[in-house]
Amino acid sequence: MSGLEAFLHMGGYGAYVWSSYGLAAVVLIVNVVLPRRAERATLRRLARREALGESHDTTS
Amino acid sequence: MNFAFLHKYAALMHCYRLSRALTPWLAGASVLLFAWGLVGGLLLAPADYQQGDSFRIMYVHVPAAWMSMFVYMAMAVAGGVALIWKLKIAEIVSRACAPLGASFTFLALVTGSIWGKPMWGTWWVWDARLTSELILLFLYLGVIALHGALDDRRAGARAGAVLALIGVVNIPIIHYSVEWWSTLHQGSTVTKFAKPSIHIDMLIPLLVMISAFQCYFAWTLLVRMRSEILAYDRNASWVRELSREHGA
Amino acid sequence: MKPFTIIAAVVRREMLRAVRNQAEALYPLLFFALCVLMFPFALGTDSALLSRVAAGVVWVAALLASALSLESLFRADYADGTLEVLVVGGASLPLLGLGKAVAHWLLSGLPVLLLSIPLGLSLELQPALLGTLLATLALGGVCMSLIGAAISALTVGLRGGGLLLAMLILPLYIPVLIFGASATANAALGLPVAGELYFLAGLVVLALTLTPWATAAALRIRMS
């Protein structure tokens, strides 16, 4: 087996190892991407509110 | 010692600015640490004598499990600070910790389950540690539910803080009970991840990965906090100016 | 006012409310009985099987009955504004919480405890184990009422209501369940159960000292 093949094969446990690491990657990436998107969306929403005129609701 | 200099960091605008300043560095540090840890864990560490290469799942499972508990503690401490000193920034930290902690717990559970299949032959065992993690996930989900159930963000954060603190007292009790329960219902045989003395070549990547996860946590926590800060201070002039700059 | 007087006043008020809404006061009992009755339907009537699961089933049913009956603990006071008056007016909130917990145990935990005798026996529970089962249910029930009062105060009047409360509280009940159910299982094997009972008693003491403050904090947050 070539080096890369052996690496992916992980001594027969490839499916287990790579699905774990894959899931970890997904979880970690999602947790960075989603908050950033949320922040941009919040800023956009606030900008729209600004453009429409002041509204001073005090409930959080 | 005069702690007055800390007071300005209670101001949300300063925290927002601090977050913006720090996150690029934390991002870079996380990526580097992950790279180092992955190379060490996936390539350099020798295969385990008993488990072969499947033990490499440890390098994501153990840090995730560690973080799941660390973040709960952080959430509870921030919650306690929020309740006692009524600091908005503490409420924000507490709120932001919850989904992150739940993600780590979920990751720990699934990777633990995946790791268990080659080790024990089944996808799930009622092992003390996995069961405790599962209960921890429910505790997190409860806090998240409470955060969302109240219309007032501040009250929601404080209610979640009370629940988190009740949970913090309960966690050692739950841990001990489940530990005790699992010895009742299965033999003391192979139900735990074996903890032999770990070879230094296997240990170093693990420590690096844990640091990577910690750094990552700091990074994403600060990012998450920014949306919360904007929501909390939405009527403040600095927020209005910021949103105007950002454009519609 | 002496603490005992305040607690007694709270308990009396809850009792009066129960007397006036007798049907509602019976709900925990009816639910408990129904819950237990589901199991022979689900598992069949094989004596050996039922006898093995009897204690566990009774325990889970008692737990669910406790969790679901907690919603009404503060609901009426919240709805008619009494709770707000009490909080704003400076009533002793920890004692209020304690009183509510005691009332909940008297109206829910204690009846369930008594009803567990015929229900347990109907599930082929060995009569010799009744003593242990009752002891664990008594201690566990008190613990559950105490923790329950805090979570009930936290979630009073929220969307999601009773199920949200149940979802929050069941993980916290798990240690009580583990020690309560396994005590009876151990008794069935002839093993000593003093350890489990002491642990449950310890949990009760811990709950007694900490939960009133949690309930007070919860009430203050919700009524602010």
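The values are calculated or read from the model by the stated rules, or taken from the named source; none is laboratory data. Since the model is a prediction, treat every value here as computed from it, not as a measurement. Positions of Cβ are generated from backbone atoms using ideal geometry, with glycine treated the same way; all protein chains shown enter the neighbour counts.
Residue-wise test of (1) assigned to a helix (DSSP H, G or I); (2) surrounded by fewer than 17 Cβ atoms within 10 Å (Cβ to Cβ); (3) not small (Gly, Ala, Ser).
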| site | (1), (2), (3) |
| --- | --- |
| C:THR45 | no, yes, yes |
| C:LEU50 | yes, no, yes |
| C:GLY56 | yes, no, no |
| C:ALA67 | yes, no, no |
| C:PHE74 | yes, no, yes |
| C:LEU86 | yes, no, yes |
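Within the stretch C:195-224, residues that are within 9 Å of chain B (Cβ to nearest Cβ) and touching a residue at least 60 places away in the same chain (Cβ under 8 Å) sit with their Cβ atoms under 8 Å from residues that are outside any helix (DSSP H, G or I) and surrounded by fewer than 21 Cβ atoms within 10 Å (Cβ to Cβ), at 6+ positions apart or across chains, in these pairs: C:ARG222/C:GLY157.
Within the stretch C:15-53, the set of residues being within 16 Å of the chain's Cα centre (by Cα) and among the hydroxyl-bearing types (Ser, Thr, Tyr) comprises C:TYR27 only.
Inside the stretch C:95-127, residues that are touching a residue at least 12 places away in the same chain (Cβ under 8 Å), out of contact with any Ser or Thr (no Cβ under 7 Å at 6 or more places or on another chain) and part of a helix (DSSP H, G or I) make up a count of 19. None of B:GLY187, B:GLY247 is closer than 18 Å to A:ARG40 by Cα, at pLDDT below 85 and among the small types (Gly, Ala, Ser) except B:GLY247.
Among the numbered conditions (1) surrounded by 20 or more Cβ atoms within 10 Å (Cβ to Cβ); (2) free of Cβ contacts under 8 Å to residues at least 24 places away in the same chain, the only one that C:ARG159 does not meet is (1).
Listed by first and then second residue, the pairs with beta-carbon distance under 7 Å, at least 6 apart or on different chains, first residue in the stretch A:25-37 and under 17 Å from B:GLN214 (Cα atoms), second of a type in the set (A, V, I, L, M) and assigned to a helix (DSSP H, G or I), are A:VAL27/B:LEU107; A:ASN31/B:LEU100; A:VAL32/B:VAL223. Quick check, is B:LEU32 surrounded by fewer than 18 Cβ atoms within 10 Å (Cβ to Cβ), within 18 Å of B:VAL208 (Cβ to Cβ) and modelled with pLDDT of 95 or more? Here the answer is yes, as B:LEU32 does meet what is asked.
When the stretch C:120-178 is limited to residues that are more than 8 Å from every other protein chain (Cβ to nearest Cβ) and on the phi > 0 side of the Ramachandran plot, the one that is nearest to the chain's Cα centre (by Cα) turns out to be C:GLY161. The set of residues in the stretch A:19-58 being more than 9 Å from every other protein chain (Cβ to nearest Cβ), assigned to a helix (DSSP H, G or I) and modelled with pLDDT under 90 consists of A:LEU52 alone.
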